[in-house]
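Only one structure is covered here, and it is reproduced in the block below.
The values are calculated or read from the model by the stated rules, or taken from the named source; none is laboratory data. Because the structure is predicted, anything quoted here is derived from the model rather than measured. Reconstructed Cβ throughout: ideal geometry from the backbone, glycine too, with neighbour counts over all protein chains shown. Ligands, DNA and RNA are excluded from the accessible area calculation, which covers all protein heavy atoms including side chains. Shrake-Rupley method; radii C 1.70, N 1.55, O 1.52, S 1.80 Å.
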Amino acid sequence: MQCETVHAQLPDFLSHALTDAESEEIRLHLAGCRTCRNEADGFAETWRKLGSIASPDPDSARMRTRLTAIIDGFEHAIASAPAPGIRGRLAASFTRHSHHHLMRAASACALVAIGIAIGHYMVPLSGGSEKTRPTETSAEIVAMRGELRDLREMITLSLMQQQSASNRLKGVSWSGQIDRPSSEVVAALLDTLMHDPNVNVRLATIDALERFASQDVVRRGTIQAVDRQVSPLVQIALIDFMVKVNERESIGTLRRLSQDPKVNAAVRARAAWGLQQLG
Amino acid sequence: MSRFSGKNAIVTDEALMRAVRGGDVARLGVLFERYHRPLFDFLARMTGDRAAAEDLVQDVFIRVLKYRATFRDEGRFETWIFRIARNARADWFKARRTPDDVLDEGADYASPAIAMDERLTRETEVACLERALLLLRADKRELIVLARYRGMKHEAIAELLGVEPGTVKVRIHRAVNELREIFLRLAESQSCNVKQSTHSFPIF
């Protein structure tokens, strides 16, 4: 057996993880090789001492409580998210009815987290001093707020990946509940606008993107989307979006649409109107 | 039945995770019971900060929910969740702008940065080794933690790190040798001390 092979086998040898035959082979090598024996002694001593370092003990109860809040919030949010209305009620659903239910769901999440934080504040922590509690509680509240934001993002992104169009609609709607959403959420919305097969989902996404209209990536993405859309409804909604956010970079696209005889007549007319508004 | 109860003892981790992936998120509680201690142990030893380790464990379970759709049927849950934990730890280091490699090879371990001052007291041998472990480069420390404390087989570590099992064996050997060198140099230089009130070590 090569010395290098023996060195590589030492952890298993010391942990008794080798077969009897393999262990015997190593013992034989060590008996005849002083260099490896010294190496093995040093290794074994360090390996053994490492076992003296105690395992850390987590505050399982506190961690369990925090995870419960996360799971409760997640389940509550999924259960509370409304089913989407039919096409004609879609816009209203997302701006009023859905908002109402989703706000309740989000509020429930927040209450769970804040309640736990207050609970920690009111009940003395075992072993903690009076002086340290407010600071710890503040840190916990900050951490829980972060977890809530993560939770909302997670729900949004998860729902937007669902096969069911109604769940994707819920996801798009959820994006409105996220305070300072990450670029991941914005990118997911743009991707939905570009590729979602369902017209209602794409329409809802345009509404959801409105709050991010100051971002260059959103403005560029929506201009690109106008050309790619095949649904006149979505094209018209995008033209309205351009006008609403005063996106002058879209003028070239709108002019092309307004002059292309292959484009739906209603879209051509709306594009011409958009040009007038931006002109 | 509590979502954290042990009535799911005969259910495999993978089956539980598939249930979570399918929408039964309450099953995450059982996975939490099985894994929060090993994850905390790993993260506390890697960060040297138990408060951060608790937050990171929480972060790991949030990520499990967030990325549950990415769990593959043929994958081992332990490998998957520890991969998430490694990523969470890497993000933590980035956020703190702390270099992953705490100490370069060949650095002077008896440097003034870790020299004794009047507030320092002599550590025990175990605490000294613990200090040496935290001074070891993160990738090497990780190998020792996984192999020695998590009891992971070389094959599992190899799958987690994306290398060959033979490579893992050699790297563990080198990591332990380097740890021993650091330990001996700390002991010889008598700099194996901690500040009693302000230093985060020892953590256990």
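Data for the structure
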item	result
Subset tally (residues that are open to solvent by 50 Å² or more (accessible area, probe 1.4 Å) and of a type outside the set (D, E, K, R)) for segment A:259-274	7
Of all residues in segment B:29-48 being free of Cβ contacts under 8 Å to residues at least 40 places away in the same chain and more than 7 Å from chain A (Cβ to nearest Cβ), the one that is least open to solvent (accessible area, probe 1.4 Å)	B:30
Number of the condition not met by residue A:211 [criteria: (1) in contact with a Gly (Cβ under 9 Å, 6 or more places away or on another chain); (2) open to solvent by less than 30 Å² (accessible area, probe 1.4 Å)]	(2)
Some residue of segment A:53-67 being among the basic types (Lys, Arg), modelled with pLDDT under 85 and surrounded by 18 or more Cβ atoms within 10 Å (Cβ to Cβ)	yes
Some residue of segment A:43-52 being more than 8 Å from chain B (Cβ to nearest Cβ) and either buried (at least 18 other Cβ atoms within 10 Å of the Cβ) or assigned to a loop (DSSP other than H, G, I, E, B) (or both)	no
Candidates B:26, B:51 - the one that is free of Cβ contacts under 8 Å to residues at least 40 places away in the same chain, closer than 14 Å to residue A:66 by Cβ and open to solvent by 20 Å² or more (accessible area, probe 1.4 Å)	B:51
Residue that is farthest from the chain's Cα centre (by Cα), among those in segment B:49-83 that are under 18 Å from residue B:155 (Cα atoms) and of a type outside the set (Phe, Trp, Tyr)	B:74
Which numbered condition residue A:221 fails, given (1) outside any helix (DSSP H, G or I); (2) buried (at least 17 other Cβ atoms within 10 Å of the Cβ); (3) of a type outside the set (D, E, K, R)	(1)
Pick from segment A:228-258, criterion charged (D, E, K, R) and more than 19 Å from residue A:206 (Cα to Cα), ranking: surrounded by the most Cβ atoms within 10 Å (Cβ to Cβ)	A:255
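So that you can scan it fast, the table gives a plain yes or no per residue for (1) of a type outside the set (A, V, I, L, M, F, W, C); (2) at positive phi; (3) at pLDDT 85 or above:
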| site | (1), (2), (3) |
| --- | --- |
| A:204 | no, no, yes |
| A:214 | yes, no, yes |
| A:218 | no, no, yes |
| A:221 | yes, no, yes |
| A:239 | no, no, yes |
| A:242 | no, no, yes |
| A:262 | yes, no, no |
| A:269 | no, no, no |
| A:277 | yes, no, no |
